[in-house]
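Everything on this sheet refers to the single structure shown next.
The values are calculated or read from the model by the stated rules, or taken from the named source; none is laboratory data. Worth saying up front: this structure is predicted, and the values here are computed from it rather than measured. When we count neighbours, we look across all protein chains shown, and the Cβ atoms used for this are built from the backbone with ideal geometry, even at glycine.
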Amino acid sequence: MAFPSVRLERGDVVLRQVAPDEAGAALAGLVADDTFRYFCTLYPQGPMPEDYAKYWQQALAVGHTPYLVESQGQPVGQSCFMDHNRAAGTVEIGMTWYAPEARGTVVNPTCKLLMLEEAFSHGLQRVTLKCDARNERSRRAILGIGATYEGTLRSHHYACTGESRDTAMFSVIASEWPSVREQLERRIEVSSTAN
């Protein structure tokens, strides 16, 4: 089976590859004031539906695989496989954001479990995750799934505000995946019980 799968699913959380127009219509209304604060994007206030469809199309055009994330049948955000290097056995999980009501719920650990399982089940050796070094919420979320902090790249990008952005780098490697999987399973169980 080719990497990555068109659909990933566990319980009420589903990740689907969709057409740009469907993504635009589903996601644009979910954007909060702080959604793109730390993104490298042209949409500091969040795109309109037609803009978001174009943004999704651009991701596809450079070889990324964006997923529409749904919880209980409703769109709640997106995540993406990026920079897949078949020869090196690596991929990045990024372009992830959720509607405010989905943050801190079972959604993120479930998405990461599904995407990491997809990567490692296809024989990849490394999954990279990164965020703006100032984004404490994302840093906590990435560390919370069991990723290892590798350091910070200085002046690595521009944020959508035009500010220079330092990028905090994290990874999960294949030998760590069994323990990371167990940690994610526990988080999902605790989050499911709490909700």
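Conditions tested, residue by residue: (1) small (Gly, Ala, Ser); (2) over 17 Å from the mean Cα position of the chain (by Cα).
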{"position": "THR110", "(1), (2)": "no, no"}
{"position": "MET115", "(1), (2)": "no, no"}
{"position": "SER121", "(1), (2)": "yes, yes"}
{"position": "LEU129", "(1), (2)": "no, no"}
{"position": "ALA133", "(1), (2)": "yes, no"}
{"position": "GLU136", "(1), (2)": "no, no"}
{"position": "ALA147", "(1), (2)": "yes, no"}
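Would it be correct to say that SER171 is within 29 Å of GLY11 (Cβ to Cβ), under 17 Å from the mean Cα position of the chain (by Cα) and surrounded by 13 or more Cβ atoms within 10 Å (Cβ to Cβ)?
Values: within 29 Å of GLY11 (Cβ to Cβ): yes; under 17 Å from the mean Cα position of the chain (by Cα): yes; surrounded by 13 or more Cβ atoms within 10 Å (Cβ to Cβ): yes.
Spelling it out, SER171 is indeed within 29 Å of GLY11 (Cβ to Cβ), under 17 Å from the mean Cα position of the chain (by Cα) and surrounded by 13 or more Cβ atoms within 10 Å (Cβ to Cβ).
Taking the listed residues GLU136, GLU117, GLU163, the one that is out of contact with any strand residue (DSSP E or B) (no Cβ under 7 Å at 6 or more places or on another chain), closer than 21 Å to GLU9 by Cα and surrounded by fewer than 21 Cβ atoms within 10 Å (Cβ to Cβ) is GLU117, with no other qualifying.
Give the residue, chosen from GLU101, GLU117, that is over 19 Å from SER171 (Cα atoms) and at pLDDT 90 or above. Steps first, please.
On the way: GLU117 fails: over 19 Å from SER171 (Cα atoms).
Criteria check complete, one pass: GLU101.
Does the range 137-146 contain any residue that is of a type in the set (S, T, N, Q) and in contact with a Leu (Cβ under 7 Å, 6 or more places away or on another chain)? No, the range 137-146 contains no residue that is of a type in the set (S, T, N, Q) and in contact with a Leu (Cβ under 7 Å, 6 or more places away or on another chain).
Please work out which residue is modelled with the lowest pLDDT, limiting yourself to the range 144-154 and to residues that are surrounded by fewer than 16 Cβ atoms within 10 Å (Cβ to Cβ) and farther than 13 Å from ARG134 by Cβ. Break it down into steps so the answer makes sense when it comes.
Taking the range 144-154 first, the residues surrounded by fewer than 16 Cβ atoms within 10 Å (Cβ to Cβ) are 144, 148-154.
The next check asks that each one be farther than 13 Å from ARG134 by Cβ; those that pass are 144, 148-151, 153.
Values: GLY144: 90, THR148: 97, TYR149: 98, GLU150: 98, GLY151: 98, LEU153: 95.
Looking at the filtered set, the residue picked out is GLY144.
Residues in the range 91-120 that are among the polar types (S, T, N, Q) and farther than 18 Å from CYS80 by Cβ: THR105 only.
Take the conditions (1) in contact with a Cys (Cβ under 7 Å, 6 or more places away or on another chain); (2) of a type in the set (Gly, Ala, Ser); (3) farther than 17 Å from ARG140 by Cα; GLY73 misses just one of them, which is (1). Of all the residues in the range 91-103, those that are in contact (Cβ under 8 Å) with a residue 40 or more places away in the chain and not in a strand (DSSP E or B) number 2. Within the range 74-95, one or more residues are charged (D, E, K, R) and over 17 Å from VAL180 (Cβ atoms).
With respect to VAL91, determine if the residue is of a type outside the set (Phe, Trp, Tyr) and over 15 Å from ALA119 (Cβ atoms).
Working: of a type outside the set (Phe, Trp, Tyr): yes; over 15 Å from ALA119 (Cβ atoms): no.
No; evaluated as a whole, the condition is false for this residue.
No other residue among VAL69, VAL76 is aliphatic (A, V, I, L, M) and out of contact with any Gly (no Cβ under 8 Å at 6 or more places or on another chain) apart from VAL76. Of the strands (runs of 3 or more DSSP E) lying entirely inside the range 110-195, the ones with 2 or more residues being in contact (Cβ under 8 Å) with a residue 24 or more places away in the chain and of a type in the set (Ser, Thr, Tyr) are found at 148-158, 164-173.
Based on what the data block shows, is MET82 at pLDDT 95 or above, closer than 16 Å to VAL127 by Cα and surrounded by 21 or more Cβ atoms within 10 Å (Cβ to Cβ)? It would help to see each step written out before you state the result.
Numbers: at pLDDT 95 or above: yes; closer than 16 Å to VAL127 by Cα: yes; surrounded by 21 or more Cβ atoms within 10 Å (Cβ to Cβ): no.
No, not satisfied.
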